[in-house]
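The structure appears right after this line, and notes come after that.
The values are calculated or read from the model by the stated rules, or taken from the named source; none is laboratory data. In this text the structure is predicted, and so the values were computed from the model without any measurement. Backbone-built Cβ (ideal geometry, glycine too); neighbour counts: all protein chains shown.
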Amino acid sequence: MPRYAARRLLSGVLLLFAMTITSFALFRLIPLPTGCILVGCGPGTTTTDEELAAADHELGTDRSVPVQYAKFVWGIVRHGSFGASWVHGSIDAQIRQAAPVTISVLLGGAVLLFLLAVPLGVLSAVRAQERIDRIILSISVVGIALHPFLIGFFLRKFSGYTHVTPETGYCHPFSAPPGQPVPPGADPAFFPQPCSGLRPWAHHMILPWLTFALFFLPLYTRMIRARVLDTLETQHVTAARAKGASEFRVLRSHVLRPALLPLATMIGMDLGGALMAAIYIETIYRLGGFGSLMLSVVSGNGVSLGYDLPLIAALFFVIGAFAILLNLVVDLLYGWFDPRVRLA
Amino acid sequence: MPPRGYWELVWRRFKTDRVAVASGIFLAVVLLACFGGEPLAERLLGHGPNDIFPMAADIDQNLLPAGPWSHVPNTHGVITVTPETPRTLFILGADGTLGHDVFLRLLAGGRTTLELALGASILAITLGLLIGLLSGYFGGWIDAVFQRLTELIMGFPILLFLIALGWTLSQRLNAITFGGTLAPGVLSLILVIGVFSCFYPGRLVRSQVLSLREQEFVEAARMIGGSDFRIMRKHLLPYVSGTLIVYATQLMAVTVFLEAGLSILGVGIELPDASWGNMISTNYGTLLNPGGPHASADSQFLHLTYLITVWPSLLLFLTVVSVTLFGEGIRNAVDPRARRT
């Protein structure tokens, strides 16, 4: 087992660096006047070639691509830092700020998804081909065709009318970083301070969690239904019934465990989809997490300038590392939960 | 009477599923309208989806675009507009200050979106088939490499690749439109979506091939001297084709969604070319750049033009629903014992 884990980790790290090399090479293929990020250029500006070269030097883009890549890797290995991005300043600070937001969206959303999908899926499977099953199935077909933007838009409108939850924004669950100071004599309403506390945090996250859960709910409900139906027909369930176990006990102990296990793999594999939902959700509710960071690599003020290569490489690195770790953990846990697939 | 072939049986089972047949017909109508009907409608109406009609926005009413079924002065090639200027019909009205024809844009946008969906699905299925066959059949290091790569790539939101790589690629590929068949930017989106979604069908094929390759008929084929390539093509491919077709329909639905998401975020198909995604964002603007042409106008105004957003949203929704139902019908027909998931 430890050898297996070590081999997986090693191959994962190799892949990670292969990926960052590819992204560096790919992005440097387009000639881009990187100096223009720091100093104005184009028609109507008076930037000289020397100023442009100085800007290039400041960004480090006057060196060859292998040297730039080596510096990037050295920064990670030696200092554990991604260095500075071209447009937005320190990458470490940005990631440290964005990670808690995205983690709370994903974790809370996944928990809510489970709380909704498991009862619905089981109910639908137990009452297969009855009316309630048909209703759940037809709603799920419609639900698959609902864009997360649409769900988010309606939820936001709804909360805008009812004021049950805040429409947008994020609250730090524990302690908030200091906000911008209010100048003396200014209206404090123009300088919103970051809020903190577990309850405001949860209050702000209700809509994002709901959006996340509703987006994945149809798919997961149907998946759970199919798994439960398959498991209900296995021999060990018949045996448990023959033994006289109550229907609830059969469901809880003999059906749910084997039926839900493959979902762990699903979740490990679905990180990409979940992060995509996070991009949508963070944009709708203006949370400012990883999703917003991903959008900022080219869009916004980046579009006219090109892209922010160090930021892209750092994001690829962080997400890739997380994906490798998550899949490894899921596989190891899987073997622990289900002795039939235990690894040598 | 010859025995019924595999696909004939599939067709017989599919025919009995009324919902699936209905959604198949709907899809056929949409495809026909977008690919065949759009040029026809352009010819009949006498203007194109990207043509600008300033007179379609009412100057007296804060540039309110013309409503459905209105006749707009055809200002093309006309210097001074008089009451006698020939008029041209806008079936669903105009879409804002520029006065594009919403009806034609709906069809042209559908073409862009469906080209993207079809292209990306076909590419992903082909690549996935290749990966799955190779890594399932040969196993060993090929399999190990593909497995790790799959895990890594699937951890990423495809949107990140689309935003970062799509932009990079589109700088080089925008010029390639295959003689105007594809809108600028579609090719790079097809490539990125196709390449990065091939891993999931790859996994599906791999798991099927893994169980198939140990079966007697494969062994028999190998024993009489069938080459690896022949075994894959003749004995394994027919088994996995059903699953792949089903997955292709799912992927089409996902891609239609993705295009809409990209355009709503403001990084998708660029104006003036229409797509359902960027049509949805004409009224309210994109999320990164909120506020369309009428953002400053009062909300009462948006109530008058909400249909501009409703049409593409409705078509998008119906298309995704019917693609999903159609795929489900095929799944049941291909594998009648399988559970509906």
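Listed here are the residues, each with its yes/no results for (1) crowded, with 16+ Cβ neighbours inside 10 Å; (2) aromatic (Phe, Trp, Tyr); (3) closer than 16 Å to B:Leu130 by Cβ.
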{"site": "B:Val205", "(1), (2), (3)": "yes, no, yes"}
{"site": "B:Gln208", "(1), (2), (3)": "yes, no, yes"}
{"site": "B:Gln215", "(1), (2), (3)": "no, no, no"}
{"site": "B:Val218", "(1), (2), (3)": "yes, no, no"}
{"site": "B:Ala221", "(1), (2), (3)": "yes, no, no"}
{"site": "B:Gly225", "(1), (2), (3)": "no, no, no"}
{"site": "B:Asp228", "(1), (2), (3)": "no, no, yes"}
{"site": "B:Ile231", "(1), (2), (3)": "yes, no, yes"}
{"site": "B:Leu237", "(1), (2), (3)": "no, no, yes"}
*The listed residue being of a type in the set (A, V, I, L, M), part of a helix (DSSP H, G or I), without any contact (Cβ under 8 Å) to a residue 24 or more places away in the chain and more than 10 Å from every other protein chain (Cβ to nearest Cβ), out of A:Ile139, A:Ile135*: A:Ile135
*asked:* Scan the range A:332-344 and tell me whether some residue there is more than 8 Å from chain B (Cβ to nearest Cβ), buried (at least 17 other Cβ atoms within 10 Å of the Cβ), in contact with a strand residue (DSSP E or B) (Cβ under 9 Å, 6 or more places away or on another chain) and modelled with pLDDT under 80.
replied: no
*asked:* Checking the conditions here, which among A:Leu123, A:Leu106, A:Leu150 is touching a residue at least 40 places away in the same chain (Cβ under 8 Å) and either surrounded by fewer than 19 Cβ atoms within 10 Å (Cβ to Cβ) or part of a helix (DSSP H, G or I) (or both)?
replied: A:Leu106
*asked:* I need a count of the residues in the range B:1-21 that are of a type in the set (Lys, Arg) and either over 21 Å from B:Val240 (Cα atoms) or part of a loop (DSSP other than H, G, I, E, B) (or both).
replied: 3
_Residues that are within 12 Å of chain A (Cβ to nearest Cβ) and at pLDDT below 75: does the range B:268-277 have at least one?_
yes
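When you look at A:Leu229, is it within 12 Å of chain B (Cβ to nearest Cβ), farther than 30 Å from B:Ile193 by Cβ and under 31 Å from the mean Cα position of the chain (by Cα), yes or no? Give the derivation first.
Values: within 12 Å of chain B (Cβ to nearest Cβ): yes; farther than 30 Å from B:Ile193 by Cβ: yes; under 31 Å from the mean Cα position of the chain (by Cα): yes.
Yes: the conditions hold for A:Leu229.
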*Do we find that A:Asp56 is surrounded by 14 or more Cβ atoms within 10 Å (Cβ to Cβ) and at pLDDT below 75 in this structure?*
yes
*asked:* All but one of (1) assigned to a helix (DSSP H, G or I); (2) among the aliphatic types (A, V, I, L, M); (3) at pLDDT below 80 hold for B:Ala295; state the number of the condition that does not hold.
replied: (1)
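For the range A:194-207, name all the residues that are in contact with a Gly (Cβ under 7 Å, 6 or more places away or on another chain) and buried (at least 22 other Cβ atoms within 10 Å of the Cβ). Reasoning before the result, please.
Applying the first criterion (in contact with a Gly (Cβ under 7 Å, 6 or more places away or on another chain)) to the range A:194-207 yields A:194, A:204-205.
Matches in the range A:194-207: A:His204, A:Met205.
Just checking, does the range B:316-323 include any residue being surrounded by 22 or more Cβ atoms within 10 Å (Cβ to Cβ), under 21 Å from B:Pro68 (Cα atoms), modelled with pLDDT of 80 or more and within 11 Å of chain A (Cβ to nearest Cβ)? Walk me through it before giving the result.
To start, the set of residues in the range B:316-323 that are surrounded by 22 or more Cβ atoms within 10 Å (Cβ to Cβ) comprises B:316, B:319-320, B:322-323.
Keeping just the survivors that are under 21 Å from B:Pro68 (Cα atoms) gives B:316.
From the residues that got through so far, the ones that are modelled with pLDDT of 80 or more too are B:316.
With the extra rule that they be within 11 Å of chain A (Cβ to nearest Cβ), the set shrinks to B:316.
Yes: one or more hits.
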*Where residues in the range B:118-165 are among the polar types (S, T, N, Q) and more than 9 Å from every other protein chain (Cβ to nearest Cβ), which of them is surrounded by the most Cβ atoms within 10 Å (Cβ to Cβ)?*
B:Ser121
*Restricting attention to the range A:1-23, report how many residues are within 12 Å of chain B (Cβ to nearest Cβ) and hydrophobic (A, V, I, L, M, F, W, C).*
9
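Here's the yes/no breakdown for (1) at pLDDT below 85; (2) over 27 Å from A:Leu275 (Cα atoms):
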position: B:Ala124; (1), (2): no, no
position: B:Gln147; (1), (2): yes, no
position: B:Gly155; (1), (2): yes, no
position: B:Ala183; (1), (2): yes, yes
position: B:Ile193; (1), (2): no, no
position: B:Arg230; (1), (2): no, yes
position: B:Leu236; (1), (2): yes, yes
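Run down B:Phe53, B:Phe26 and say which single residue is within 27 Å of B:Phe90 (Cβ to Cβ), of a type in the set (Phe, Trp, Tyr) and under 17 Å from the mean Cα position of the chain (by Cα).
Values: B:Phe53 fails: under 17 Å from the mean Cα position of the chain (by Cα).
B:Phe26 is the lone residue from the list that is within 27 Å of B:Phe90 (Cβ to Cβ), of a type in the set (Phe, Trp, Tyr) and under 17 Å from the mean Cα position of the chain (by Cα).
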*Hits in the range A:306-330 (condition: part of a loop (DSSP other than H, G, I, E, B) and facing another protein chain (nearest Cβ under 9 Å))*: A:Gly306, A:Tyr307
